[in-house]
1. Looking only at region A:1-25, count how many residues are among the charged types (D, E, K, R) and either in contact (Cβ under 8 Å) with a residue 60 or more places away in the chain or touching a His at 6+ places or on another chain (Cβ under 9 Å) (or both).
2. Which numbered condition trips up residue A:55, out of (1) within 14 Å of chain C (Cβ to nearest Cβ); (2) over 20 Å from residue B:70 (Cα atoms)?
3. Kindly establish whether residue D:113 is surrounded by fewer than 20 Cβ atoms within 10 Å (Cβ to Cβ) and in a helix (DSSP H, G or I).
4. Give the residue, chosen from C:54, C:28, C:94, that is under 19 Å from residue D:93 (Cβ atoms) and out of contact with any Ser or Thr (no Cβ under 6 Å at 6 or more places or on another chain).
5. For residue B:98, indicate whether it is away from chain D (no Cβ under 14 Å) and surrounded by fewer than 21 Cβ atoms within 10 Å (Cβ to Cβ).
6. Would you tally the residues in region C:45-82 being buried (at least 24 other Cβ atoms within 10 Å of the Cβ) and among the polar types (S, T, N, Q)?
7. Considering A:66, A:70, which residue is under 20 Å from residue B:85 (Cβ atoms) and under 12 Å from the mean Cα position of the chain (by Cα)?
8. Quick check on region D:31-38. Is at least one of its residues in contact with a Leu (Cβ under 8 Å, 6 or more places away or on another chain), buried (at least 21 other Cβ atoms within 10 Å of the Cβ), modelled with pLDDT of 95 or more and at the interface with chain B (Cβ under 8 Å from one of its Cβ atoms)?
There are 4 protein chains.
Amino acid sequence: MSNTDLTARLRTFARERDWEQFHEPRSLLLALVGEVGELAELFQWRTDEDIRELVAGRESRRPVEDELADINIYLVRLADVLGVDLDGAIEAKLAANEAKYPVERAKGSAAKYTEYDQ
Amino acid sequence: MSNTDLTARLRTFARERDWEQFHEPRSLLLALVGEVGELAELFQWRTDEDIRELVAGRESRRPVEDELADINIYLVRLADVLGVDLDGAIEAKLAANEAKYPVERAKGSAAKYTEYDQ
Amino acid sequence: MSNTDLTARLRTFARERDWEQFHEPRSLLLALVGEVGELAELFQWRTDEDIRELVAGRESRRPVEDELADINIYLVRLADVLGVDLDGAIEAKLAANEAKYPVERAKGSAAKYTEYDQ
Amino acid sequence: MSNTDLTARLRTFARERDWEQFHEPRSLLLALVGEVGELAELFQWRTDEDIRELVAGRESRRPVEDELADINIYLVRLADVLGVDLDGAIEAKLAANEAKYPVERAKGSAAKYTEYDQ
């Protein structure tokens, strides 16, 4: 699904229910924080191995899928309410990352990760 | 941009730099938490009015766009690393929300928001 | 309660249950993120007015108290596991804030908040 | 330092600078989210081993100390603004945890962590 499509669907969903009044920027950000917190709770006592095992099963990965979806939904709705072109912002960020970490230099060093120099 | 396209681009970006080794589930989740924190810092002392004003200007909204993009990037990368079909998860969630909050009932009451019954 | 006392009590609690093995730094941070997310969920659809009303009632404020306590508990436990002297860190921070925002200058301008210059 | 002392010092700090007007519940929560995000950024590309190494050095652990202090400061300030007795809430929570996870049962099973049954 494109962000454009999801944006339109969420807009319709809110309008039909007269819920636009509740979708203030700070409210949507806090809702996003809440969903990230729920994902963190799924991961908190697990190692990366445990997490891979959790998402390997069709049933067991459901809660993880739900939280990822919720985060995406609130993110896209927040961007829309703010009038931000999310795709444009992502394109700009990807271009900036390409320029910041050119393949030839990044590959050898991986300094971003091993020197924590961000 | 579709989540499928973004997934592919992020996968290539990581592979070209030999960075896949760093993209463990918990690391990506913490990176996501970090970006959400940065967005929170942009909003923290502002009212919703202030925030709307901030995003009204092409230059002043840049930092907000950057954080929203970063959140989306880490979210899509995390879903990919977990083997989660993000679009499928979103479709399932939208369908569940339609069923949970039918227009005719949700419109009148808005109980989700005013009674905080989630 | 002092942080020293709480640290000691949490240490005993974990040791008695043989739970020290689970209290790795990243696990405790994710648990903290989870609790902050739960507090965000209590606030998300409420205005500051609504929140004040919520915490005005002895019964209705219970969930807020629980989340604040959980955040404090994981924070103090995390600091202990990291070997950080939390009180010392707080004292250092308070001193730094006093130096950074001297009363005579901060009072007039409140630039930290109104110019968002942090 | 006790929470009571820290509460009093933060209250004086805010009053002297005429900053009480900015310390609304949602603003303080977002500030807390921002500080948790900064701590997450320190941890994100590190293993638990790396983190232990980071906090082993007096200089290298400074940023971690700063973020832990900031989280504690905003948490205590938020509790105060909400009129919540943080110590009382912690005592109640500790008692609830003692009852929920009695030593004799918790020790053998550690089900909280290994069965993720929270």
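The values are calculated or read from the model by the stated rules, or taken from the named source; none is laboratory data. Bear in mind the structure is a predicted one, so any value in this text is a computation, not a measurement. In this analysis, Cβ positions are derived from the backbone assuming ideal geometry, glycine residues included, and neighbour counts consider all displayed protein chains.
1. 1
2. Residue A:55 satisfies every listed condition except (1).
3. Here the answer is yes, as residue D:113 does meet what is asked.
4. C:28
5. Against the criterion (away from chain D (no Cβ under 14 Å) and surrounded by fewer than 21 Cβ atoms within 10 Å (Cβ to Cβ)), residue B:98 qualifies.
6. Residues meeting the conditions: 1.
7. Going through A:66, A:70 in turn, just one is under 20 Å from residue B:85 (Cβ atoms) and under 12 Å from the mean Cα position of the chain (by Cα): A:70.
8. There is at least one residue in region D:31-38 that is in contact with a Leu (Cβ under 8 Å, 6 or more places away or on another chain), buried (at least 21 other Cβ atoms within 10 Å of the Cβ), modelled with pLDDT of 95 or more and at the interface with chain B (Cβ under 8 Å from one of its Cβ atoms).
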